[in-house]
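Okay, so here's the structure we're looking at.
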Amino acid sequence: MHIEIEEQVKNDIKAISSYIALDSEYYAHQTANEIRDKIYKLKTSIYYGRKVPELNSENIREILYKDHYRIIFKIEYGTIYVIQVLHTSQDFNKNFRFEKL
């Protein structure tokens, strides 16, 4: 299984890391690495995670990182496209990049 990570996802992770770094460089680095690790684990288990409740599509799924971040991806033609990382406190309908569907 191939994984494509949208450029904006890389920016999402950098923004998360920058925010956490305001308090702790160590935890900022650790969080960014662990989010990336969770993304790459998708290679071995395509239907890991759950359907995104707001979308109810079998091919649009998410995994949670420490119950604070939603790593949202779509499965299409044998490829996993990671399309966004959102904090769970963010309003999904206002912040989700629907154009990536």
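Laboratory data are not the source of any read-out in this text; all were calculated from the coordinates shown. The structure presented is a predicted model; accordingly, all values stated were derived computationally and were not measured.
Tabulated values for the structure
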| read-out | value |
| --- | --- |
| Crossing angle, helix 25-41 versus the chain [Cα axis fit, 0-90 degrees, rounded to tens] | 10 degrees |
| Folded to 0 to 90 degrees: helix 7-21 orientation relative to the chain principal axis, Cα | 30 degrees |
| Residues whose placed amide H lies under 5 Å from that of GLN90, excluding near-sequence neighbours | none |
| Identified option (computed Rg/Rh (Cα atoms, Kirkwood Rh); candidates [x] 1.21; [y] 1.14; [z] 0.95) | [z] |
